[in-house]
Amino acid sequence: MTESDAAPAEHARPVIPIDDATLRLIDIALDEDRGSGDWTTRWTVPARTRARARIVAKQEGVIAGIGIAAAVYQRLDPRVKCDGQLADGTQVVPGQVVCSVAGPARAILTGERVALNFAQRLSGVATLTRRYVSAVAGTGCRILDTRKTTPGWRSLEKAAVRAGGGVNHRAGLYDMILIKDNHKAVAGGLANALARVRDQNARRLPVCVEVHSLAELDAALGAEVDRILLDNLSTRELAVAVVRARARQPRPQLEASGNMTLERVPEVAATGVDFISVGAITHSAPALDLSLQFAGG
């Protein structure tokens, strides 16, 4: 592990939520996998057999969601114990033990795939997020996620983003006003859209406007919104946008978005934007390779 791969010093390692919604998701996943029954395990493993196993990292990465893997086993059989769980946000290397599992062998085998699916997916999100966070280290720019999440998994994937050192954008449609091109088109322009928001925003939600050019940026700056989303601007245009925004009081936050690859984000962050939003950290994160290895009874 290199220094740049390490978790940011200020990063508090969050716990992936094990709430009612997560438990329902676990139950759906278990029902999907078991169907009428895990007949292979039932017919090959005696009911009273006990076993010990370990969840082991097969790749370097960042762990997230091991607590959900443990919850999978608790839903199957409370006698299964998961000890030594690594905290969300922990960097691991190949061969490192992530969690120890002990209890009835049937439950350990039946829950294996579902437990690993949760942990691998969420660890993959945390790992890719950490790479983006490391790529902009020292610039003051923060990596944001988006709403491009797996349906039903949003709170989990956004927690995994935090485990990787990223920052959550709005959780849904309800906690920020984000006026995008389609809103402007239907509302009859930015001015109309903003006027209607300001007439009705009794919740005092923050207001963000999406722009695609420096001309649109100037219009948004004149509207005195909280944040401006700079979508698909060139790096040169982003630098100009930062200069123009800094001349305003109060200064809106600037968020860059669109084609934000690992290779490009360092130069984008260097322009001085406050945030870079990256849909890929949730919609395209490869799963971190983890395996369940049995160690005897």
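The values are calculated or read from the model by the stated rules, or taken from the named source; none is laboratory data. The structure displayed is predicted, hence computed values, not measured ones. Cβ atoms come from the backbone with ideal geometry, glycine included; neighbour counts cover every protein chain shown.
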Quickly run through segment 224-255 and pick out the residues that are crowded, with 18+ Cβ neighbours inside 10 Å and not in a helix (DSSP H, G or I). VAL225, ARG227, ILE228, LEU229, LEU230, ASP231, LEU233, PRO252, LEU254, GLU255
Count of residues meeting criterion [under 12 Å from THR282 (Cα atoms) and without any contact (Cβ under 8 Å) to a residue 60 or more places away in the chain] in segment 159-200: 1
So how many residues does segment 17-32 have that are in a helix (DSSP H, G or I) and either of a type in the set (A, V, I, L, M) or surrounded by 15 or more Cβ atoms within 10 Å (Cβ to Cβ) (or both)? 8
For the subset of segment 177-221 comprising residues that are crowded, with 19+ Cβ neighbours inside 10 Å and among the acidic types (Asp, Glu), which member is nearest to ARG147 (Cα to Cα)? GLU210
Determine which member of the set ALA135, ALA163, ALA219 is over 25 Å from THR261 (Cβ atoms) and either within 21 Å of the chain's Cα centre (by Cα) or assigned by TED's automatic domain parsing to the domain that holds VAL278 (or both). ALA219
If you check ARG170, ARG147, which single one turns out to be in contact with a strand residue (DSSP E or B) (Cβ under 8 Å, 6 or more places away or on another chain), among the basic types (Lys, Arg) and assigned to a loop (DSSP other than H, G, I, E, B)? ARG170
Working only within segment 146-205, note down all residues that are more than 30 Å from VAL15 (Cβ to Cβ) and among the acidic types (Asp, Glu). ASP181, ASP199
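Please find, within segment 256-297, the residue that is farthest from HIS169 (Cα to Cα) out of those that are assigned to a strand (DSSP E or B) and more than 17 Å from the chain's Cα centre (by Cα).
Filtering segment 256-297 for residues that are assigned to a strand (DSSP E or B) and more than 17 Å from the chain's Cα centre (by Cα), the one farthest from HIS169 (Cα to Cα) comes out as GLY296.
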Can you name every residue in segment 1-40 that is modelled with pLDDT under 95, more than 20 Å from the chain's Cα centre (by Cα) and among the charged types (D, E, K, R)? GLU3
Tally up the residues in segment 58-85 that are assigned to a loop (DSSP other than H, G, I, E, B) and either at pLDDT 95 or above or under 22 Å from VAL125 (Cβ atoms) (or both), please. 11
When every residue in segment 58-90 that is among the β-branched types (Val, Ile, Thr) and touching a Phe, Trp or Tyr at 6+ places or on another chain (Cβ under 7 Å) is compared, the one farthest from ALA105 (Cα to Cα) is ILE68
Test LEU122 against the criterion of being crowded, with 21+ Cβ neighbours inside 10 Å and in contact with an Asp or Glu (Cβ under 8 Å, 6 or more places away or on another chain), and give yes or no. yes
Spot the failing condition for LEU217; the list is (1) outside any strand (DSSP E or B); (2) under 30 Å from ILE18 (Cα atoms), and only one is missed. (2)
